[in-house]
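To start, the structure under review is shown below, and the notes come after it.
The values are calculated or read from the model by the stated rules, or taken from the named source; none is laboratory data. What you are looking at is a predicted structure, and each value in this text was computed from that prediction instead of being measured. Reconstructed Cβ throughout: ideal geometry from the backbone, glycine too, with neighbour counts over all protein chains shown.
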Amino acid sequence: MDFLVRLSVKNLVVDRGARRIVDGLSFAIEAGEALVLTGPNGAGKTTVIRTVAGLIGAAGGTINLDGGDAEKDIAAQAHYIGHLNALKPSLTVEENLRFWAAYLGGGTADDAAIYDALAAFDLEPLASIPAGYLSAGQKRRACLARLIVTRRPLWLLDEPTVSLDTASVKLLAECVRHHLASGGLLLAATHIPLGLVSERRLEIGVRSAAA
Amino acid sequence: MSAFWTLLKRDLLLQVREGGAVGTALGFYLIVVTMMPLGLGPDLNLLSRIAPGVLWIALLLSALLSLPRIFEADDEDGSLDVIATGDLPLELATAAKALAHWISTGIPLALLAPVLGLLLNLDLGAYPVLVATMLVGTPAISFLGAAGAALTLRARRSGLLLALLVLPLYIPTLIFGIAAISAATGGPSGFQASFLILAAISLFSLVIGPLAAAAAIRFQTQ
């Protein structure tokens, strides 16, 4: 166990404009545990993940990362993978990863971590190709490789498997298993099962969908 | 702090790889200034009298062209969200991006100005002062412009809105930039005072610009 942290969300309330998207959501994720958010489109899965990542301000409730680095906010201890890949088309896959490794890791890009990340998502043959030339699935893999280049305890994955083929989903599942085994946390919104043993599901937005 | 340099280096590398923005700004500067003598006629005295003003106004407009690109690309491909989850405070991240804009656009424009001064019969003694005032004044353009670019990030057809927001903020830089040059070529105002106020405006923008830009980005990416 490398990480000993616990994410607890209590009575989370999030408003988007005049609409209340999340109303009184509570959950906790223990070290080594995965929580998958499910629910119909528009239920607020992305909103919850972006709120935990600190990109959206909550209207109420608390989000705590117990046992984390008290000096840093939760966002700086989390990897956020959104709908967009955050790749620069004119930089090669390796340059993109090297930038994120240095930026997210506080200035030093560890060569070993870069090669691990390339290997984990089967990107070695693509390393020197500009990201703009990749297919949608290859871009997604290059984006996910960011999870490996620096170690952060909390992974926030919003539909990580979009445009991935079956083999690539397995690669992602393998990385997630490894992350969980080292005590990491996972909060994901996905409709494709990642094949995890300890995966819990949380259905959200059912009440507002019925209303 | 090293994340700051990492971001700065990446933005400069992207400018080199993608070009475009700098070339457009320099080309626009060249063409606007070139059209002045054609439009105003070959009156050398008139041209040399209005040269500082023409060079400064054209520089502001050229820099304005490249402002939207400071944050637009990073917002479109999702990088801005990930930048916000870094250890680096967003205020320093916006400062790094504004600094990259100044290095890649402000400095080349300031260095092109004396070449264009030839077209306007600018007094030869004014060249060092021209470059000095522009190098000292252009940081204000990048840092205040970054705040404007962040405010109009998600607005559609934001170009005109950006110009309306940002150009009034450039007026102090314009006034004291021109005053410093005309003082050096025998104008009424004192050179030192104008030059120091110009530097003060830039230092002020260096602090205010990134703060405003970060607040605007937090609000817009909600």
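Take the conditions (1) outside any helix (DSSP H, G or I); (2) in contact (Cβ under 8 Å) with a residue 12 or more places away in the chain; A:Pro193 misses just one of them, which is (2). Every test in (1) in contact with a Ser or Thr (Cβ under 8 Å, 6 or more places away or on another chain); (2) in contact (Cβ under 8 Å) with a residue 40 or more places away in the chain; (3) farther than 30 Å from A:Leu55 by Cβ; (4) buried (at least 18 other Cβ atoms within 10 Å of the Cβ) is passed by B:Thr185 save one, and that test is (1).
Checked against the criterion of being more than 13 Å from the chain's Cα centre (by Cα), assigned to a helix (DSSP H, G or I) and modelled with pLDDT of 90 or more, the candidates B:Ile103, B:Ile57, B:Ile83 yield just one match: B:Ile83. Scanning the range A:59-67 turns up one or more residues that are more than 18 Å from the chain's Cα centre (by Cα), surrounded by fewer than 17 Cβ atoms within 10 Å (Cβ to Cβ) and within 14 Å of another protein chain (Cβ to nearest Cβ). Against the test of being touching a Ser or Thr at 6+ places or on another chain (Cβ under 8 Å) and either among the acidic types (Asp, Glu) or more than 21 Å from B:Leu196 (Cβ to Cβ) (or both), the options B:Leu119, B:Leu46, B:Leu92, B:Leu112 yield a single qualifying residue, B:Leu119.
Please work out if B:Gly137 is modelled with pLDDT of 90 or more, crowded, with 23+ Cβ neighbours inside 10 Å and farther than 17 Å from B:Arg10 by Cα. Criteria met by B:Gly137.
Here A:Glu71 passes the criteria (1) among the acidic types (Asp, Glu); (2) in contact with a helix residue (DSSP H, G or I) (Cβ under 9 Å, 6 or more places away or on another chain); (3) within 14 Å of chain B (Cβ to nearest Cβ) except the one numbered (2).
Out of A:Val36, A:Val13, one residue alone is more than 22 Å from A:Cys175 (Cβ to Cβ), in contact with an Asp or Glu (Cβ under 8 Å, 6 or more places away or on another chain) and in contact (Cβ under 8 Å) with a residue 12 or more places away in the chain. It is A:Val13.
When B:Ala126, B:Ala113, B:Ala132 are checked against the criterion of being of a type in the set (A, V, I, L, M), within 22 Å of B:Ser66 (Cβ to Cβ) and in contact (Cβ under 8 Å) with a residue 12 or more places away in the chain, B:Ala113 stands alone in meeting it. Summed over the range A:81-100, the residues that are at the interface with another protein chain (Cβ under 7 Å from one of its Cβ atoms), polar (S, T, N, Q) and crowded, with 23+ Cβ neighbours inside 10 Å give a count of 1.
Has the range A:113-133 got at least one residue that is in a strand (DSSP E or B) and either among the hydrophobic types (A, V, I, L, M, F, W, C) or facing chain B (nearest Cβ under 9 Å) (or both)? Yes, the range A:113-133 has at least one match. Residue check: A:Ala53 meets all listed conditions (1) within 14 Å of another protein chain (Cβ to nearest Cβ); (2) surrounded by fewer than 23 Cβ atoms within 10 Å (Cβ to Cβ); (3) among the small types (Gly, Ala, Ser) but one, namely (2).
Yes/no matrix, rows are residues, columns are (1) without any contact (Cβ under 8 Å) to a residue 60 or more places away in the chain; (2) within 14 Å of chain A (Cβ to nearest Cβ); (3) buried (at least 22 other Cβ atoms within 10 Å of the Cβ):
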residue	(1), (2), (3)
B:Met36	no, no, no
B:Pro42	yes, no, no
B:Ser66	yes, no, yes
B:Glu76	yes, yes, no
B:Ala95	no, no, yes
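All conditions in (1) crowded, with 17+ Cβ neighbours inside 10 Å; (2) modelled with pLDDT of 90 or more hold for A:Ala113, with the sole exception of (2). Go through (1) in a loop (DSSP other than H, G, I, E, B); (2) surrounded by fewer than 21 Cβ atoms within 10 Å (Cβ to Cβ) one by one and return the number of the condition B:Gln192 breaks. The failed condition is (1).
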